[in-house]
Each structure stands twice: as structure tokens, then as C-alpha cells.
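Engineer: The following block contains the structure, expressed as C-alpha cells.
The values are calculated or read from the model by the stated rules, or taken from the named source; none is laboratory data. It should be emphasised that the depicted structure is a prediction, and the values quoted were computed from it without experimental measurement. Note that each Cβ is placed from the backbone with ideal geometry, even for glycine, and that neighbours are counted across all protein chains shown.
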Amino acid sequence: MFLVTGATGGLGRRVVRSLRDQGQSVRAFVRLNSQYSELESRGAEIFIGDLLREKDLEKACREVQFIISTHGSDESEGGTALEIDYRANIELIDQAKASEVQHFVFVSVLGADRGYEDAPVFKAKRAVELYLQGSGLNYTILRPSGFASNLLPLAEQFRQTGIYLMVGDPKIRTSIVSTDDLARIAIACPTTPAARNQVFAVGGPEVLERGEIVQMFGRIFNREPIFLNLPLLAVDGVRTAVGLFNPDLKDALGTFRTLLSNEFYCTPAEIETLESVFDLQMEPLESYLRRNFGL
Ligand SMILES: NC(=O)c1ccc[n+]([C@@H]2O[C@H](COP(=O)([O-])OP(=O)(O)OC[C@H]3O[C@@H](n4cnc5c(N)ncnc54)[C@H](OP(=O)(O)O)[C@@H]3O)[C@@H](O)[C@H]2O)c1
């Protein structure tokens, strides 16, 4: 039995789908108010709980062999990086040990080890990585770059309006990863000997400047982009204003700023390692977008 946390998230849903396509038994950890009917209809066992409650984590881990931790914090939904990205994972690891789980897959973030001081999610991920590595559990840590699925709403908006709004420098490089490839990798970790107790950077096969993604949208939807580019200073202004009445949200925006102002891409050697260990070919972003829009 696999336990998947964050099962209703962009990645978690794909992880549950891929596991069920393989006929694996899956327990999907979901919140009562989340949209989980699709997971249920695919045959996942629905475990309703809240990651903020230790008792729920303890129950969810019973009779589980493998855990894939894909949950993440969203300040607007309640739950800070400290509570969700850090504490819930530490508790999950402790419960995994108590339940003698055979393999723990942790979805971290590319750059978790760079020591970004002003980014609570990055700090939480790094602390969890270290805790997991010292736990005695078999583990795999995946450090993905930005998810291609996050671009789908933006692409839909572009298709309708031609508008692409970007905050920050269009020259910044990224290697957006197909969320489907990442899900495939996550579920393969427990049965891939070369993935045991390893850390992998996970990105798409090409390094793109963010500005190239705008051109890509133009090509795919066959329209001239209306490109609106806001400087990072805009985020700084919002952060300062928000900080006056909501310090937690100001902290969360620190993670957002870190994401916008730094480069997150994988080297060709890292992609080669991924492709050889997991025996797959990482999908380029343009192919991912065309496939999802049937173009
Ligand atoms: N998105 C990216 O570009 C990116 C890049 C690198 C790394 N990552 C990491 O990859 C992982 C997956 O990202 P994602 O974009 O797929 O995440 P996501 O779509 O934001 O989903 C987050 C999941 O966590 C669940 N969750 C949050 N608080 C919870 C709580 N208190 N109790 C139970 N469940 C809770 C959410 O449930 P609800 O549906 O109920 O809200 C949702 O299923 C995260 O760890 C993220 O940090 C993401």
C-alpha cells in the first residue's frame, strides 16, 4: 500500500493516477473539503484528515509500505511552511519509522540546498531532507524545478487574450519539468535500486530563458504575444505593504520572490542521470503544452 500526501494537488493527483494505472493500492490523504471524487473513482482508498493533526498522520501510516510526500503549504488555505512543509513531514517521517515503512519519497524543491534565508519553504524542505537522511528509512529525495502543469492556466489565458504577464527578468533560466514525468519518477523510486537513498534534481530536458516561454506560447497558439513585464520591485512593494498586517503572508511572499529572482534549471548531466536511472525520456515543455491542449 502506498500513502500519498497532497493527493489532491497538481503533482499528488498525477501520482495517484499513475499508481492506480499500475494497479497499485493507494491511500490518498485528503481534506474533507478537497476535490477528491476523481481519486475515489480511480479506486484509491480515501483517507480524510488534516496534516496539521498528528493523530491523522499516525492513522494514515498504518499498514503502509511506501510513502510519497507531495503536500505543500498554501498560506491562503491555512497552514504555514513551518506547519505543513516542515512539521507535517517530520511527523510523517516519525510515523513512517514507527510503521516500518519500506521507502519514503520526499518531494523537495530544486535549490533547497542553496541556503536561501528569506524563503521559508526552501528552508523547511532542506530541514526535512536532512531529517529524512538521518532517519534510517530508505528514501529518495526529488528536487524538482517548476511544474509544467502550473503553466496550463496561464496558457489558457494566453490562448484567449494573447496576454502574458511576467514578473521579473525574462532572461532568467529555468527547466520546467513535465508534472507527468515527475509523477512517474516518484512512483518508480521504491522499486528502482539506483534510487535508494539518493537525491535527484528533476527538470525538463532543456534550459529555457523565461522570455522564450512567451515565444513558445505564441508559436503554439499562433498569435503574437502581448507581453507585460512587471519588475521585481512590484513584489517587494506588495510584501512591505502586506507585512504591516500579515507577517506570515509576508514570509510566504519571500519564497515567491526567491522563485522569481533566481535560476532553477538542471544541468545536462543531471538530466542524463535521471533518464538513465529511471529509464525514461524527459518531455520538453513545448511537447507537454501541445499534448495538453491537443495541438
Ligand atoms: N508547483 C511547483 O512548481 C513546484 C516546484 C518544486 C517543488 N514543488 C513541491 O512539489 C510538491 C507538490 O506541489 P504541487 O504544486 O502539486 O502542490 P499543490 O498543488 O499546491 O498541492 C498541495 C497539496 O497539499 C495539500 N495540503 C495542504 N495543506 C494540507 C493540510 N493541512 N492537510 C491535508 N492536505 C493539505 C493540498 O490539499 P487541498 O487540495 O485540500 O488544498 C494539496 O493536495 C510540494 O511539496 C511543492 O512544494 C512544487
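Engineer: On the basis of being among the hydroxyl-bearing types (Ser, Thr, Tyr), modelled with pLDDT of 95 or more, closer than 29 Å to residue 283 by Cβ and near the ligand (Cβ under 10 Å from one of its atoms), does residue 145 make the cut?
Structural biologist: Taking the combined requirement at face value, the residue satisfies it.
Engineer: Same structure, new question: State all residues of segment 176-205 that are surrounded by fewer than 17 Cβ atoms within 10 Å (Cβ to Cβ), more than 28 Å from residue 8 (Cβ to Cβ) and not aliphatic (A, V, I, L, M); if no residue qualifies, say none.
Structural biologist: 193, 196, 197
Engineer: Being of a type in the set (Val, Ile, Thr) and touching a strand residue (DSSP E or B) at 6+ places or on another chain (Cβ under 7 Å) is the filter here; which residues of segment 233-272 pass it? Don't jump to the end; show me each part of the working.
Structural biologist: Initial filter on segment 233-272 (of a type in the set (Val, Ile, Thr)): 235, 238, 240, 242, 255, 258, 267, 271.
The answer is 235, and nothing else.
Engineer: Related question: Quick one: residue 232 ticks every box in (1) farther than 20 Å from residue 74 by Cα; (2) touching a Pro at 6+ places or on another chain (Cβ under 7 Å); (3) touching a residue at least 40 places away in the same chain (Cβ under 8 Å) bar one, so which box is it?
Structural biologist: Every condition holds for residue 232 apart from (2).
Engineer: Report every pair of residues separated by at least 6 positions or lying on different chains whose Cβ atoms are under 8 Å apart, first residue within segment 120-137 and free of Cβ contacts under 8 Å to residues at least 24 places away in the same chain, second in a loop (DSSP other than H, G, I, E, B) and buried (at least 23 other Cβ atoms within 10 Å of the Cβ).
Structural biologist: 126/108
Engineer: Among the residues of segment 14-52, write down those that are of a type in the set (Ser, Thr, Tyr) and either within 13 Å of the ligand (Cβ to nearest atom) or touching a Gly at 6+ places or on another chain (Cβ under 8 Å) (or both).
Structural biologist: 34, 36, 37
Engineer: Please specify each residue of segment 75-94 satisfying the condition of being free of Cβ contacts under 8 Å to residues at least 60 places away in the same chain, more than 10 Å from the ligand (Cβ to nearest atom) and under 18 Å from residue 134 (Cβ atoms).
Structural biologist: Matches in segment 75-94: 86, 87, 90, 91, 93, 94.
Engineer: If you go through segment 74-114 one residue at a time, how many are touching a strand residue (DSSP E or B) at 6+ places or on another chain (Cβ under 7 Å) and within 20 Å of residue 254 (Cβ to Cβ)? Write out each step before concluding.
Structural biologist: Applying the first criterion (touching a strand residue (DSSP E or B) at 6+ places or on another chain (Cβ under 7 Å)) to segment 74-114 yields 89, 92-93, 96, 101-112.
Those still in the list that are within 20 Å of residue 254 (Cβ to Cβ) too: 89, 108-112.
So the count comes out to 6.
Engineer: Could you list, in sequence order, all residues of segment 252-295 that are over 28 Å from residue 78 (Cα atoms), of a type outside the set (A, V, I, L, M), over 16 Å from the mean Cα position of the chain (by Cα) and not in a helix (DSSP H, G or I)?
Structural biologist: Those that are over 28 Å from residue 78 (Cα atoms), of a type outside the set (A, V, I, L, M), over 16 Å from the mean Cα position of the chain (by Cα) and not in a helix (DSSP H, G or I): 263, 267, 279, 281, 283, 284, 294.
Engineer: Suppose the filter is of a type in the set (Phe, Trp, Tyr) and more than 13 Å from the ligand (Cβ to nearest atom); does residue 104 pass it?
Structural biologist: So residue 104 passes the test.
Engineer: Kindly indicate whether any position in segment 5-13 is within 21 Å of residue 103 (Cβ to Cβ), within 10 Å of the ligand (Cβ to nearest atom), β-branched (Val, Ile, Thr) and in contact (Cβ under 8 Å) with a residue 12 or more places away in the chain.
Structural biologist: Checking segment 5-13: at least one residue is within 21 Å of residue 103 (Cβ to Cβ), within 10 Å of the ligand (Cβ to nearest atom), β-branched (Val, Ile, Thr) and in contact (Cβ under 8 Å) with a residue 12 or more places away in the chain.
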